[in-house]
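All of the numbers you see were taken from the coordinates with simple rules; none came from a lab. From a predicted model like this one, the values you see are computed outputs, not experimental measurements. With ideal geometry, Cβ positions are generated from the backbone for all residues, glycine too; neighbour counts draw on all protein chains shown.
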């Protein structure tokens, strides 16, 4: 009940948020440009999906949490029986639903069926989950919009580039590092799902779910500590 | 513990380590069953004791005011008893329960109105209240009822960001009481309001007390605490320096509460 109330509140706020609508239209416009080139454009679908999901969900989650802190409304929530994880979850849920809708529209725009729909779906779902969880953690740690602007954009750029560039195949030292980052399984799933290349589905899903659960748990813990130490 | 009118009255004792200057620490009595009990509450922010050995017991239907100069620790005290900050030392009991062990039960019984109202500006007044009604498990009708009780039902479709300060305070109060709390914390409830709006809000606070709500509020306004509060607690540099009825404070420390305030805060320095 509390979770549903929080999600409903997020949707009420969202329906008056012009930034989100503008962003969605921009992303769909970008997807349409690539989709028009039926020959080469299709190769860009995983890239377009990654950029849309990370910039959209990640930014929305970070902004939502930091703005709550700046306005003080987070404190108003923390004196209710709502748990910190429910508060984060509600913020995440809205981003997840929007990203899922946008991903579906982008795939439809490309007018080609993915080679492995289940793998692509898993990739999209886990990308959304990871973007939400990492965005929530950054939003919780960030003090305010102004100071966090110094590291928000670099983190986002790192996430997107690590997911769309196959660093691990580069053979460089950085490739070895990137092999262990949470962006690799998502990258494999998105590309594998679209092109039909073989992917260790269960293993990649397990790794990503572990990362997502870890980030959410750490975020909820920090939020609880912040709430009682200021 | 003494017995007063058949009920337990709590005497707040001066800690044995207190200095001579601290001996003005008051004995806070109340003559009804305690709703809020605070013992030796202290919080240290990087070496600064923002609240130092705060003790108070508040009974049902009491209105107690926290007053003191800027930085005296009023808001921090409210945040501590509301569970928004964890004390370095001491304990809080709400209806006999520990707010840290029984956080959800306690939050269900308390309402908090933080300084500035803290409404969601992007939501309408009614949406703000419906959101919190859901969080407290209150029926959705409770949101409209609370708005009516606070006299702002006509604002329900207006965006909270478009409200005047007085309207925001009323809506924030409606939000704080919509689930029928037994204990209400109000941080500077009339700050920035014109006298008429402040008087309206005082009326609402008295009505809530009449309905059985216990209220702990912080204020800078001497006239407000004098007319509204059963007891007034003076805080200075994190310490409770006096806690009496307004009449007794005036008797003991000066012809007016302002005189008492000046005398008590100077003594404590």
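Note on chain A: with a GNM built from Cα contacts shorter than 10 Å, the maximum mean-square fluctuation among A:115, A:59, A:203 falls on A:203. Fraction of C-alpha pairs exceeding 28 angstrom in the stretch A:73-230: 28 percent, rounded to a whole number.
Considering only B:131, B:173, B:249, the Gaussian network model of chain B with Cα springs below 10 Å gives its largest mean-square fluctuation to B:131. The mean count of C-beta atoms from other chains within 10 Å of the C-beta of residues in B:136-147, rounded to a whole number, is 1. Working note: Debye formula, equal point scatterers on the alpha-carbon atoms of the stretch A:1-83, no solvent; log10 I(q)/I(0) at q = 0.12, 0.15, 0.17, 0.18 Å⁻¹ is -0.51, -0.69, -0.80, -0.85.
One quarter of the surface of the convex hull around the alpha-carbon atoms of the stretch A:27-132 equals 7.2 nm², the direction-averaged projected area. Convex hull volume of the Cα atoms of the protein assembly as shown, normalised per residue: 166 Å³.
Once a ≥ b ≥ c are taken as the square roots of the eigenvalues of the Cα gyration tensor of the stretch B:138-197, is the result rounded (a/c under 1.5), prolate (a/b larger than b/c) or oblate (a/b not larger than b/c)? It comes out oblate by the Cα gyration axes. Rounded to the nearest 10 degrees, the angle from helix B:125-135 to the longest Cα principal axis of chain B is 70 degrees. For the stretch A:120-180, the square roots of the Cα gyration tensor eigenvalues, ordered a ≥ b ≥ c, give a/c of at least 1.5 with a/b no greater than b/c, which places it in the oblate category. Rounded, prolate or oblate: pick one for the stretch A:48-95, where a ≥ b ≥ c are the square roots of the eigenvalues of its C-alpha gyration tensor, a/c under 1.5 means rounded, and failing that, prolate if a/b is larger than b/c, else oblate. It comes out oblate by the Cα gyration axes.
For the residues of B:80-90, the average number of beta carbons from a partner chain within 10 Å of their own beta carbon is 2. Based on Cα contacts under 8 Å between residues 6+ apart, chain A shows a relative contact order of 27 percent. Using C-alpha pairs below 8 Å separated by at least 6 residues, the relative contact order for the stretch A:14-117 is 42 percent.
Computed over chain B, relative contact order equals 24 percent, with contacts defined as Cα pairs under 8 Å that lie 6+ residues apart. Highest mobility in the GNM of chain A, judged by mean-square fluctuation with C-alpha springs under 10 Å and restricted to A:74, A:189, A:159, is found for A:74. Among beta bridges identified by DSSP and lying wholly in the protein assembly as shown, the antiparallel ones come to about 55 percent. Shielding by partners for peptide A:68-76, expressed as the average number of C-beta atoms from other protein chains within 10 Å of each residue's C-beta, is 5.
Over the stretch B:141-269, all Cα pairs binned in 10 Å intervals from 0 give whole-percent P(r) values of 12, 39, 30, 15, 5, 0, listed from short to long.
For chain B, the C-alpha radius of gyration sits at 1.00 times the compact-globule guess of 2.2 N^0.38 Å, with N the residue count.
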